[in-house]
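Structure record follows, encoded as C-alpha cells.
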Amino acid sequence: MKFRPLTASEIDCRVSTINEKGLTLLLYKDARVDMNILDETFGVTGWQRKHEIIGGNLYCTVSIWDAEKKQWISKQDVGVESYTEKEKGQASDSFKRACFNIGIGRELYTAPFIWIGADKFRLTQKNNKYTTYDKFMVSSIEIQDGAITDLAIVNERTGVIAYKMRANGQKLAENEPKAKSNEIICRNCKKPIQGNIGNNGVSYSPREIYNMTKGLCTDCYKQFKAMNGGKQ
Ligand SMILES: [Zn+2]
C-alpha cells in the first residue's frame, strides 16, 4: 500500500529530552491525519477501524476494502497494555500504530536526530528541572522514496528556525552512498553505524550501539555527550 507523504502541518513536534544545553525533539502524527489520509486514499466507506480487548490489551484493527479481490485487508496493533476503563482516551494510540503498520507516516521513522541548542528557545526551570513552554513546528519537509531528505523546524514563539537538517539546503549528491538494507544508519550523520569495542573490552554490534545511543553512531554519540556535559 502506498500513501502520500505527510505535509509539514500534519507533523507534531514534541520535546523528548531537555537540559541546560538544549533539547531533542521527536516527530509525531495525530490520529486525525491518519483518518484524513485513509479517507483521501480509499474513500470514507473504503476503510474501517475496530477496537477490541484481547487478554486485557486494547487492539485496533484497520481494514481496507480491496475492490479487485472483493475482500477486506486488515492490519492490527496493540495500543495500551493492561487496558482499563480510564485509558479509553488512548484508543487512538492503537489506531495510530495500526496506521503506521499499513504505511501511513512511515517516513517519520527516518527522522534525523533533532537537537536544538538552548540559545534557540526559552529555557525555564521548574522544581529543579528544566523545561520550556516554547512550541516547535515543522516549517518545511522534503520526503523522497519514503525517507525525509530535508527538514526545518521553527520556534513558534520567536518565528526563528531552530533546526535545519541540511545547513546549506543542499540535496543528497548523486554519488552519496545510499544505505544498504542491512546497514544501521546513524540518525545524525546518516553514515552506517560500525561495531565497536568498548572500554571494558566487550565488543558491540551496530544494532547494540544503535539501541544504547538511541540511534547514533559512536562519533555522534560522543559529540552529543560532550554537548550535554557528559550526561545523556
Ligand atoms: Zn553519526
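Cross-link partners among aspartates and glutamates for K21, C-alpha distance below 12 Å, same-chain residues fewer than 8 apart left out?
Filter leaves D119.
By count of other Cβ within 10 Å, fewest leading, how are E142, E107 ordered?
On the way: E142 16, E107 22.
In increasing order of surrounding Cβ atoms, one gets E142, E107.
What pairs from K29/K126; K2/K69; K2/K75; K29/K129 go past 23 Å between their alpha carbons?
Numbers: K29/K126 28 Å; K2/K69 18 Å; K2/K75 15 Å; K29/K129 27 Å.
Checking Cα-Cα distances, K29/K126; K29/K129 exceed 23 Å.
Could you tell me how many cubic angstrom of Cα convex hull volume the chain has per residue?
Hull volume normalised by residue count: 192 Å³.
Given contacts defined as C-alpha pairs under 8 Å and at least six residues apart, what's the relative contact order of the chain, whole-number percent?
Worked out over the chain, it gives 15 percent.
Fully extended, how many nm does the chain gain between T45 and Q223 (0.36 nm per residue separation, minus their Cα-Cα distance)?
The span from T45 to Q223 would gain 59.0 nm if fully extended.
Quick note: the coordinates plus some simple rules give every number you see, no bench work behind them. Predicted, not measured: the structure shown is a model, and the values here were computed from it. For neighbour counting, all protein chains shown are included, and Cβ atoms are generated from backbone atoms with ideal geometry for every residue, glycine included.
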